[in-house]
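Right, one structure below, let's go through it.
The values are calculated or read from the model by the stated rules, or taken from the named source; none is laboratory data. Given the structure is predicted, the values throughout are model-derived calculations rather than measurements. Ideal geometry is used to build each Cβ from the backbone, glycine not excepted, and the neighbour counts take in all protein chains shown.
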Amino acid sequence: MSNAIAVGARTTRPASRQRRARRRVRPAAIVSVAILTIGALGMIAPFVYMVVTALKTAQHAYDLPPDWYPTEFNWNNFSAAINGPLPLLRNMFNSFFIATLTTLGMLITAPMAGYAFAHLKFPGRNSLFVLLLASLMVPVQVTVIPLFLIMRSLHLINTPWSLILPGITGALGVFLMRQFFLTVPKELFESATVDGANAWTTYRLVALPLVRNGLSALGVVTFLASWNAYFAPSIFLNSQDAATLPLALVLMRGPFSTGQLNVMMAATTMAVIPALIAYLVAQRWIIAGLTASAVKG
Amino acid sequence: MAPAGGRDKARRRRREALNGYLFVGPSIIGFFVFILGPLLAVIYYSFTRYDAISPPQFRGLANYERLFTDDRLRQVYLNTIIYVVAAVVLINVFALILAAVINQRLPHGLTYIFRSVYFFPSLVSLVYISLIWQALFQRDTGLVNYYLDAVGGQPVNWLSSTSMSRWTVVIVDTWRNVGFAMLIYVAALQDVPKELEEAAQLDGAGPVTLFRKITVPMISQAIFFNVTITVIGAFQIYESVIVLTNGGPGDSTRSVVMYLAEQAFSNFQIGYASAIAITLFLIILGATLVQFRIRRSWVHYE
Amino acid sequence: MHVKKRLVVVGAALATSMLLTACGGDSGTGATGASGTYKAPASTTQATLTISNWGNPGDEKIYNAAIARFNQKYPNVKVKNNFTQVVNWGDYINKIQASIASGDAPDIINMATEGVEYGLDKKLYQPLDNYIKQDQSVQALINDVSPALLKGFSKNGQTYLLPNNWNTMLVYYNPALFEKAGIQRPSDNWTWQDFLTTAKKLTTNTGGKQVYGFGIPTYTFAYMPWIYSNSASTASDDLKTPTLDAAGTVEAIQFIADLVYKEKVAPNPTGGDPTSLFQAGKIAMTAAPANLAATLAANKSFKYDVLPMPSNKVNTNVFGAAGFAMYSQSKNKDLSWELLKDLASQETQKAWAASGTSNPTTKTAQQSPEFAASKPHSELFYNQIDHAKPVAAPSFFGSMDAAFQKAMTSVYAGTDVPSALKKANDEVKSTVAQND
């Protein structure tokens, strides 16, 4: 159970790296690199197209053959996107606000529950855990109708809270944190308890610091999931001031708005860049977080 | 054991239990309010006629009877099942191939770069990815057909063909998610002991036998995980279709979730939409149980 | 026992939310003008008014200016302008229904022809006659508006909306591409046949350099001139039944489909955007309301001109008019009336004339120099009203729009026009029956 987390958290293995270095370059490796390179170009090309088109004038947005490097630098597209039909900066802020609060909430609730399920004994622990895990089989699409009605009666439609409240708890986070806590030997906490610290202090001062990697992973994964979400926001938010960034971009394209390709691509570029930065900064935790959930329950 | 110590222990156990409940409390409350409560409510609504304004009226099985006569529902389920099967097969096959190729003792830097490049799209919202691909897939003004034409091919109706557009959705879905599945497989493959493979090679096992007899069992857990994730993900396909084709031509790319949302929040037939939600729930439940059954008999435990 | 416990928790959660719904009603600020003698609310009145609003990019500025004028008179009234883009009319109508369903009903609704019948059907609008009767400035304003536009705002002798703006369809063309193809500007009374000949001449080159004669806009309003000029419609005259599969309608849509498949003078429009293709010089003509002129005004280096839509059996164009209604259940009717007057005033009309994402409704504003300066051949934008019919909008417009749009995607996928439209028509009929 625990070693898959190690797999995820670990990016290299010194021993095998050494073994690799000793080998000569084999023909198979050249073929591999060739295949991977072609595939990689296919993965990058759409993003290159996006950036190049984002810098074009309306007159050249549809030029064929396309340019694969920027030939003109029409930065106006970015200001046109921001000042355009939708309050894009506000939409970006909405996305950021929702994702941040959801993540903070999740970082409070999930480790607590994960810790309890891993290291505290209480009647019904296993059945509660199984119950919680079962909720992974209930996607939001199934429950969206009552959720909408609940949010409506709480007057939370068109507010970020309609997305934050259901987002701050979640079985996946609990599951993930439980896995991380299980890798920590129980004796570490027990000695603290014997020392007379109460459960909350033990948890806060001893347990939490031990799973710092897990918290980073959970944080990054929760943030990205919220940042990218479309379905629930599209149901709960229906004014353009309340819209999140993905909703705004879909609206921007509508037949009654300007929807110009170059401006659209400028907006899309602005939307993709945070993900790119997050990836470059936090790649280790993202990969750890995602692969850690690949553990058997 | 002294009775005093026993009482002390009992007290400690009680305190630990209390702490346990307090610690899991927020998550459990969230579960009741936002998962279980709504699930029970959706079951209730599925037996009613409800337009979200006047109070729901009990209608027995009427909504469930309508499920069986609704041609559009049959169409959207067909589409969704195609999405699920195609996504599971394509994503996992490509991801396994990529992982196996990346796992060929390449220079470390290259492995890192390739892994990053393939994985990055999985982090980008499907909305943005679909917006880009929609521009690329235009019938008469898009890049893809331009290059097809340049190499002598016929232009393809990527977005506007009842037979093709479904596959366009699958292509975009596969393109985005293959990197994530690959990442899991790479992690799993790195865990296969090299000694085991080398021993088998010494015994004269070819690469195919090696893969089938050694590698697949060793990474069965990762396969199980990836399949589960792709199945659940593909059942929820929504925004890519909204952006790429908006469900068209006709209903040929519409997913169950889109149809559910249309019935609930455009037509305000909450009762019928709830019945559709129940079918979706039962199918996901069924698919997951089947997978667990298979896993029990197949997945290799270390 | 576990189950019981769970139910208790769930029940508690639901009960809490029910309780929360029950409280928090406010008594409102008066509705003297709804039936009796109108007494304007005191300028110190405190309240919040909500507008369900829609529009094109840039429209928000115009509305905010009107709201600012209102706030000079009523500084303590907070106006929530719920402004949204309209992706399609069905969606906008749904949003209003959703906001009413979610207990967040607006006081003022900006509604276009497409949704007027729907709103009447759902009794959304407060009759305004008693207010108008007591206000000479509004009477003067109304007298300045074409009777054709006003007709859509009243029913059975009751007036429900104050005019806001309106739109029609025109052909936009790229004069540079006309010149390149050696074509003169066609006459204002050109026919479908002339249009097709022109489009063919404008379709040049192949591969990456291909230019198409026409780019098809795909929203429902844009198909209406073709259908109307073929003496057909999408709904019966009494707006009771859909007629998507009527012979004349099918014929008009067939003409459009042929532009793609048979004549090859238009790119397949699925998912494409004629507005940006037009500016990129990939299409020589497209059709659009005034909002395209506003978009093109921002692209100074691009030259364009406009023509009326071509005619076939008759010379009938389409129009859609937007007006402001008061929500019939509003708790602040008198205040809403004051805000309505600012939203529909001559000042607002002048702003429409200048920015031009839609046409102003008053003759004063239409004939103003600002309007003439904002676009080429500005007279074509408003004289269409002389031979235009309102877009056919039955109370089931939302589902009709959806079914028609769906059918059009099938048509562009190669489904034959009669069967695609027949299927759509049947679908509308069955949805209408389900909702009864």
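If you filter the stretch C:375-385 down to residues that are in contact (Cβ under 8 Å) with a residue 24 or more places away in the chain and in a helix (DSSP H, G or I), you find that the one that is farthest from C:Met111 (Cα to Cα) is C:Leu380. If only residues of the stretch B:274-292 that are small (Gly, Ala, Ser) and modelled with pLDDT under 95 are counted, the one that is surrounded by the most Cβ atoms within 10 Å (Cβ to Cβ) is B:Ala287. Restricting the stretch A:54-76 to residues that are at pLDDT below 90 and assigned to a helix (DSSP H, G or I) leaves a set whose member that is nearest to the other protein chains (Cβ to nearest Cβ) is A:Ala58. I'd like to know if the stretch A:77-94 contains one or more residues that are farther than 23 Å from C:Asp59 by Cβ and either out of contact with any helix residue (DSSP H, G or I) (no Cβ under 7 Å at 6 or more places or on another chain) or in contact (Cβ under 8 Å) with a residue 12 or more places away in the chain (or both). No, because not a single residue in the stretch A:77-94 is farther than 23 Å from C:Asp59 by Cβ and either out of contact with any helix residue (DSSP H, G or I) (no Cβ under 7 Å at 6 or more places or on another chain) or in contact (Cβ under 8 Å) with a residue 12 or more places away in the chain (or both). The helices (runs of 4 or more DSSP H) falling completely within the stretch A:115-207 that include 2 or more residues that are closer than 17 Å to B:Ala17 by Cα map to A:125-134, A:186-194.
Residues in the stretch B:35-53 that are at the interface with chain A (Cβ under 10 Å from one of its Cβ atoms) and among the aliphatic types (A, V, I, L, M): B:Ile35, B:Leu36, B:Leu39, B:Leu40, B:Ala41, B:Val42, B:Ile43, B:Ala52. Taking the residues in the stretch A:125-143 that are at pLDDT 90 or above and more than 9 Å from chain B (Cβ to nearest Cβ) as candidates, determine which candidate is nearest to B:Thr228 (Cα to Cα). Filtering first and then ranking leaves A:Val130. Using the structure shown, decide if C:Ala322 is within 14 Å of another protein chain (Cβ to nearest Cβ), under 30 Å from B:Gly250 (Cβ atoms), aliphatic (A, V, I, L, M) and in contact with a strand residue (DSSP E or B) (Cβ under 7 Å, 6 or more places away or on another chain). Taking the combined requirement at face value, the residue does not satisfy it. In the stretch B:206-302, counting only helices (runs of 4 or more DSSP H) that sit wholly within it, the ones holding 2 or more residues that are out of contact with any Phe, Trp or Tyr (no Cβ under 7 Å at 6 or more places or on another chain), closer than 30 Å to C:Ala424 by Cβ and within 13 Å of chain C (Cβ to nearest Cβ) span B:239-244, B:256-265, B:270-298. B:Tyr128 meets all of the listed conditions (1) over 30 Å from C:Phe214 (Cα atoms); (2) within 11 Å of another protein chain (Cβ to nearest Cβ) but one, namely (1). Taken together, the residues in the stretch C:181-207 that are in a helix (DSSP H, G or I) and either of a type in the set (A, V, I, L, M) or surrounded by fewer than 17 Cβ atoms within 10 Å (Cβ to Cβ) (or both) amount to 9. If you go through the stretch C:120-132 and keep only what is within 28 Å of A:Pro146 (Cβ to Cβ) and touching a strand residue (DSSP E or B) at 6+ places or on another chain (Cβ under 8 Å), you end up with just C:Leu124. Of the numbered criteria (1) within 14 Å of chain C (Cβ to nearest Cβ); (2) more than 21 Å from A:Met43 (Cβ to Cβ); (3) touching a residue at least 60 places away in the same chain (Cβ under 8 Å); (4) not in a loop (DSSP other than H, G, I, E, B), the one B:Ser161 fails is (4). If you go through the stretch A:94-107 and keep only what is in contact with a Leu (Cβ under 9 Å, 6 or more places away or on another chain) and either within 11 Å of chain C (Cβ to nearest Cβ) or surrounded by fewer than 18 Cβ atoms within 10 Å (Cβ to Cβ) (or both), you end up with just A:Phe96.
Going through (1) assigned to a helix (DSSP H, G or I); (2) in contact (Cβ under 8 Å) with a residue 24 or more places away in the chain one by one, C:Ser419 falls short only on (2). Being in contact (Cβ under 8 Å) with a residue 24 or more places away in the chain, within 12 Å of chain B (Cβ to nearest Cβ), touching a Lys or Arg at 6+ places or on another chain (Cβ under 9 Å) and in a loop (DSSP other than H, G, I, E, B) is a description that does not apply to A:Asn262. When the stretch C:228-286 is filtered for residues that are more than 14 Å from chain B (Cβ to nearest Cβ) and among the charged types (D, E, K, R), the ones remaining, listed by number, are C:Asp237, C:Asp238, C:Lys240, C:Asp245, C:Glu251, C:Asp258, C:Lys262. Counting only residues that are surrounded by fewer than 21 Cβ atoms within 10 Å (Cβ to Cβ) and in a helix (DSSP H, G or I), the stretch C:294-311 holds 2 of them.
Counting only residues that are farther than 27 Å from A:Pro85 by Cβ, give me the helices (runs of 4 or more DSSP H) lying completely in the stretch C:73-174 with at least 2 of them. It would help to see each step written out before you state the result.
Numbers: elements: C:89-101, C:113-121, C:129-133, C:136-143, C:147-151.
Per the criteria, C:113-121, C:129-133, C:136-143, C:147-151.
Listed here are the residues, each with its yes/no results for (1) surrounded by fewer than 19 Cβ atoms within 10 Å (Cβ to Cβ); (2) within 14 Å of chain A (Cβ to nearest Cβ); (3) modelled with pLDDT of 95 or more; (4) within 20 Å of A:Leu120 (Cβ to Cβ).
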| residue | (1), (2), (3), (4) |
| --- | --- |
| B:Ala10 | yes, yes, no, yes |
| B:Arg14 | yes, yes, no, yes |
| B:Val24 | no, yes, no, yes |
| B:Ile29 | yes, yes, no, yes |
| B:Val33 | no, yes, no, no |
| B:Arg59 | yes, no, no, no |
| B:Phe68 | yes, no, no, no |
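Within the stretch C:358-374, the set of residues being surrounded by 21 or more Cβ atoms within 10 Å (Cβ to Cβ) and outside any strand (DSSP E or B) comprises C:Ser358, C:Thr361, C:Ala365, C:Gln366, C:Phe371.
Residues in the stretch B:177-196 include at least one that is assigned to a helix (DSSP H, G or I), closer than 30 Å to C:Ser410 by Cβ and within 14 Å of another protein chain (Cβ to nearest Cβ).
The one condition from (1) crowded, with 20+ Cβ neighbours inside 10 Å; (2) part of a helix (DSSP H, G or I); (3) within 14 Å of chain C (Cβ to nearest Cβ) that B:Ala99 does not meet is (3). Checked against (1) among the β-branched types (Val, Ile, Thr); (2) out of contact with any Ser or Thr (no Cβ under 6 Å at 6 or more places or on another chain); (3) more than 25 Å from C:Asp129 (Cβ to Cβ); (4) not in a strand (DSSP E or B), C:Val314 meets all criteria but (2). The number of residues in the stretch C:387-406 that are farther than 24 Å from C:Ser311 by Cα and either among the acidic types (Asp, Glu) or part of a helix (DSSP H, G or I) (or both) comes to 7.
Between B:Gly271, B:Gly248, which is buried (at least 24 other Cβ atoms within 10 Å of the Cβ), in contact with a strand residue (DSSP E or B) (Cβ under 8 Å, 6 or more places away or on another chain) and modelled with pLDDT under 95? Only one candidate qualifies: B:Gly271. Within the stretch B:102-125, if we keep just the residues that are more than 7 Å from every other protein chain (Cβ to nearest Cβ) and touching a residue at least 12 places away in the same chain (Cβ under 8 Å), the residue that is surrounded by the fewest Cβ atoms within 10 Å (Cβ to Cβ) turns out to be B:Asn103.
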